[in-house]
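Below is one structure, written out as structure tokens, with a few remarks after it.
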Amino acid sequence: MDLLNTLVDKGLRRELPSREEALAVLATSDDDLLDVVAAAGKVRRHWFGRRVKLNYLVNLKSGLCPEDCSYCSQRLGSTTGILKYTWLKPDEASKAAAAGLAGGAKRVCLVASGRGPTDRDVDRVAGTIKAIKEQNEGVEVCACLGLLSDGQAERLREAGADAYNHNLNTSEGTYGEITTTHTYADRVDTVNKAHAAGLSACSGLIAGMGESDEDLVDVVYSLRELDPDSVPVNFLIPVEGTPLAKEWNLTPQRCLRILAMVRFVCPDVEVRIAGGREVHLRTMQPLALHLANSIFLGDYLTTEGQAGRADLEMIADAGFEVEDTGQVTLPEHRANAGGGGCGSHAEAGCGSHESAGCGSPESAGVCGSAPAASTAPAGEPRTDLVAVRRRGAGTDLAPNA
């Protein structure tokens, strides 16, 4: 397939594919799907080998958000029945993070619902970052607190934060259909603030909200231009009680094509499979490891994920290895230049959902066990895989890590 050979060559050179080529990946047939995965897998292995980076979410503050993001269970007026609690104390957050780190996570993502942090909130999170870093040598900490005001990214960096997540989520042209309480430009501004402060920028998208192929390509090309170091790819979990509860638009094959397109456009960036992989990729999750080099371990912000033990077994069975704290995630040219790989600012080249969380949304599964066998007909949405999180941070029950 000439298209795939061309895309592999461009990926190995960090060259931007044309929009037509990116759209063609999304339009490939199911008969060609394994060829697409194999081609994108060559690019993934060239830059990242067979390593898989594990990330772990800690929801510092759940629910009670004044924003109206249509995909989010923590949004204004949500009737989803999720856990709602105010800020975890530093020792509580550190204890929650320890569960994920014990399971092999290398990065802890500290997420808080809300439009953006006050200066007092930044001080509070700074204390949490310090506690986690003091108790866990080599851990990376990414903050995801919403829209940043001037100076806040610098203060987080001084507190020890390594990265900041703020997703673009969808294309600029359709953003107003998803959220009305802030703008696409607001999100771009926060990613740029993180960059300017010396934080590793993390920014991604949510697929499955009713967008077109053109919208998906638009947002991924915008991400390449923004040049984050990591790009979380979320697959919408249509949670009851949100405006997008009926948007079941994804199949495992569609998800794999989206991940392949992201890898071709952002070849040397950490591509992370975030929220929704268990619900939409299901038994095809191991194939996705050939496209992405990073996943979330265990649960998400307000929904349950696959048991952490099952994640580790999946990685090993698929022939991959967990990246440890002594290994550098990014290719040398990006790690040393602080960006500069997949479309640096200098050259114009390349970042959850479940709320605007640190690159992730909602998922499912019961702690330590496999989901019950589906009773849904083939091709039907697996609504039985969607479960609200009732354990971990903010509860008295052990997390699914």
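Look at Y56 and say whether it is among the aromatic types (F, W, Y), in a strand (DSSP E or B) and under 27 Å from T179 (Cβ atoms).
Numbers: among the aromatic types (F, W, Y): yes; in a strand (DSSP E or B): yes; under 27 Å from T179 (Cβ atoms): yes.
Yes: the conditions hold for Y56.
Scanning region 71-95 for residues that are closer than 22 Å to D186 by Cβ and surrounded by fewer than 18 Cβ atoms within 10 Å (Cβ to Cβ), which turns out nearest to the chain's Cα centre (by Cα)? Please lay out each step first, then the result.
Filtering region 71-95 for residues closer than 22 Å to D186 by Cβ gives 71-78.
Among the residues that remain, those that are also surrounded by fewer than 18 Cβ atoms within 10 Å (Cβ to Cβ) are: 76-77.
On the way: L76: 22, G77: 24 Å.
In this case the residue turns out to be L76.
Quick one: how many residues across region 1-29 are assigned to a loop (DSSP other than H, G, I, E, B) and over 24 Å from the mean Cα position of the chain (by Cα)?
Here is the first cut: in region 1-29, the ones assigned to a loop (DSSP other than H, G, I, E, B) are 1, 13-18, 27-29.
From what is left, the residues that are over 24 Å from the mean Cα position of the chain (by Cα) are 1, 13, 18, 28-29.
The number of residues fulfilling the criteria is 5.
Hey, does region 192-206 have a residue that's over 28 Å from K53 (Cα atoms), surrounded by fewer than 18 Cβ atoms within 10 Å (Cβ to Cβ) and either among the polar types (S, T, N, Q) or within 21 Å of the chain's Cα centre (by Cα) (or both)? Walk me through it before giving the result.
First, pick out the residues of region 192-206 that are over 28 Å from K53 (Cα atoms): none.
Checking region 192-206: not a single residue is over 28 Å from K53 (Cα atoms), surrounded by fewer than 18 Cβ atoms within 10 Å (Cβ to Cβ) and either among the polar types (S, T, N, Q) or within 21 Å of the chain's Cα centre (by Cα) (or both).
Given the conditions (1) surrounded by fewer than 24 Cβ atoms within 10 Å (Cβ to Cβ); (2) modelled with pLDDT under 50, which single one is not true for H353?
The number of the failed condition is (1).
For residues that are in a helix (DSSP H, G or I) and of a type in the set (V, I, T), scanning just region 169-207, find the one that is farthest from E140 (Cα to Cα). Please lay out each step first, then the result.
Initially, region 169-207 is screened for residues in a helix (DSSP H, G or I), giving 172-178, 184-196.
Going one step further and asking which of them are of a type in the set (V, I, T), we end up with 174, 178, 188, 190-191.
Working: T174: 33, I178: 31, V188: 23, T190: 20, V191: 18 Å.
Selected residue: T174.
Conditions (1) out of contact with any helix residue (DSSP H, G or I) (no Cβ under 8 Å at 6 or more places or on another chain); (2) basic (K, R), marked per residue:
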{"site": "P232", "(1), (2)": "yes, no"}
{"site": "T242", "(1), (2)": "yes, no"}
{"site": "P267", "(1), (2)": "no, no"}
{"site": "A274", "(1), (2)": "yes, no"}
{"site": "R277", "(1), (2)": "no, yes"}
{"site": "A288", "(1), (2)": "no, no"}
{"site": "A292", "(1), (2)": "no, no"}
{"site": "G305", "(1), (2)": "no, no"}
{"site": "R309", "(1), (2)": "yes, yes"}
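Suppose we keep only residues that are at pLDDT 95 or above, assigned to a loop (DSSP other than H, G, I, E, B) and of a type outside the set (G, A, S) within region 97-133. Which one would you say is surrounded by the fewest Cβ atoms within 10 Å (Cβ to Cβ)?
Taking the candidates together, the pick is T118.
Hey, among L301, L287, L291, which residue is farther than 16 Å from K42 by Cα and either more than 12 Å from the chain's Cα centre (by Cα) or modelled with pLDDT under 95 (or both)? Don't jump to the end; show me each part of the working.
Working: L287 fails: farther than 16 Å from K42 by Cα; L291 fails: farther than 16 Å from K42 by Cα.
Result of the check over L301, L287, L291: L301.
For region 208-326, which fully contained helices (runs of 4 or more DSSP H) count at least 3 residues that are in contact with a Ser or Thr (Cβ under 8 Å, 6 or more places away or on another chain)?
213-226
Please list, ordered by first then second residue, the pairs with beta carbon atoms under 7 Å, 6 or more apart or interchain, first in region 161-181 and within 27 Å of N55 (Cβ to Cβ), second among the basic types (K, R) and surrounded by 21 or more Cβ atoms within 10 Å (Cβ to Cβ).
H166/R187; L168/R187
The values are calculated or read from the model by the stated rules, or taken from the named source; none is laboratory data. What you see is a predicted model, and the numbers here were worked out from it, not measured in a lab. Note that each Cβ is placed from the backbone with ideal geometry, even for glycine, and that neighbours are counted across all protein chains shown.
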